[in-house]
Amino acid sequence: MDIIRIHHPYSKEEIINEDIVLVLGFFDGVHRGHQAVINKGVEIAKDRGLKCAVMTFNRHPAFVYRSFDPDKHTYLTPLDRKEEIIRNLGVDILYEVDFTAKFGRLSPQEFVDQYIVDWHAKIVVAGFDYTYGKAAQANMNTLHKYAKNRFEIVTVDKKMDEKDKISSTRIRRYISEAKIDQANELLGYIYETSGFVIHGDARGRELGYPTANIYPHPYVMVPKRGVYAVKMWVNNEWLDGMASIGYNPTFGHRPSYSIEVHVFNFNEDIYGEDVKVKWVEYLRDEIKFNSVEELIERLDQDELDAKESLAKVKINQI
């Protein structure tokens, strides 16, 4: 997959000079609903003998405008993770447009002319709720007016499960409520965060459960406090473990939460290493224990529970 980064205004030499199927969307999480949109574009491209291109933004518009709230606006997938998932869906070209104030002020007609027609799109595919142009004033119902018969339009309807529409908002809610299995079901894969290993209190080593303290990506959503069965990517492989998110109340309340991952049968120096964590299953809430002995007994049980959960993970979920 070719990745082309675009900054408005762009030069025509930056755009691949051939007819394409263009799929539009921000696609945070690239969940099952998003996958349906992208898969439709890939399917049409194959049928027409064209390449499939996806256009997304390098950041969410909310990060640019005053509506940004760091407690509400977090990503499910940072850009590199989004690239990885989209590549695996069989897309040929990924256009990553820098979302800036100048780009955001484009009128709907300017957006269509410069970012669809001038990109040689013959078919445009997007979800039913896609918006574009200044203040997102245009949508898929009005696209034909700006298209002026220069390209075909394919609108993909919302994807539902037995409860409701599959959406990034709903997935965030599940993650915030530690309903990680339900979030993973809507995503179509196991939720993943990234970061790097920093020094901690080294208390886990004293307990017989050494942990890697993870400094997470600042704009990616971290699950609710508690203990989880996880897989961690380190030394170029996925290793089984369990993670704790919280404040270590047994040893006195911390001013900020920590993410600590105990990898089973692993005892290497990985300070400073970039890692990824897949959140497989929520095991329990954070608890303040009455003694260190009681904590260790619970950690022993957590390890058994985590191993039982991880044994059920299928390779294609990784």
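How far is helix 292-310 tilted, in degrees, relative to the longest principal axis of the Cα atoms in the chain, given as a value from 0 to 90 rounded to the nearest 10? Here the helix axis deviates by roughly 40 degrees. Computed over the chain with a Gaussian network model linking Cα atoms closer than 10 Å, the most mobile of R32, R172, R298 is R298. Our compactness index for region 81-230, the C-alpha radius of gyration over the empirical 2.2 N^0.38 Å, is 1.42.
According to the square roots a ≥ b ≥ c of the eigenvalues of the Cα gyration tensor, what is the shape class of region 92-156, taking rounded for a/c under 1.5, prolate for a/b larger than b/c otherwise, and oblate for the remainder? Rounded is the answer for region 92-156, as its axis ratio a/c remains below 1.5.
When the GluC sites (Glu not before Pro) in region 158-245 are filtered for DSSP coil states and for at most 12 other beta-carbon atoms within 10 Å of their beta-carbon, the remaining sites are E162.
Measuring r between the beta carbons of K179 and A101 and using R0 = 35 Å, the FRET efficiency lands at 0.45. Once the chain from N58 to R150 is taken as fully extended at 0.36 nm per residue, the excess over their C-alpha distance is 30.4 nm. Axis angle, to the nearest 10 degrees, between helix 79-88 and the longest C-alpha principal axis of the chain: 70 degrees.
Counting 0.36 nm for each residue step from I296 to N17 and taking away their Cα separation leaves a gain of 94.2 nm. Shown here are the Rg and Dmax of the Cα trace of the chain, at 22.2, 73 Å.
For region 1-142, the Kirkwood radius over C-alpha pairs fed into Stokes-Einstein at 20 °C and 1.002 mPa s yields D = 139 µm² per second.
In plain terms, the chain from N139 to E286 could stretch by 48.5 nm, reckoned as 0.36 nm per residue minus the Cα-Cα distance. Taking other residues whose beta carbon is less than 14 angstrom from the beta carbon of I6, and scoring Lys, Arg as +1 and Asp, Glu as -1, yields -2.
Exceeding 19 Å between C-alpha atoms, which entries from my cross-link table qualify? They are K278/K314; K165/K276; K231/K312; K224/K288.
K165/K276
Here, each number is a calculation from the coordinates, and none is a lab measurement. What you are looking at is a predicted structure, and each value in this text was computed from that prediction instead of being measured. Counting neighbours? That spans all protein chains shown, and the Cβs are built from the backbone with ideal geometry, glycine included.
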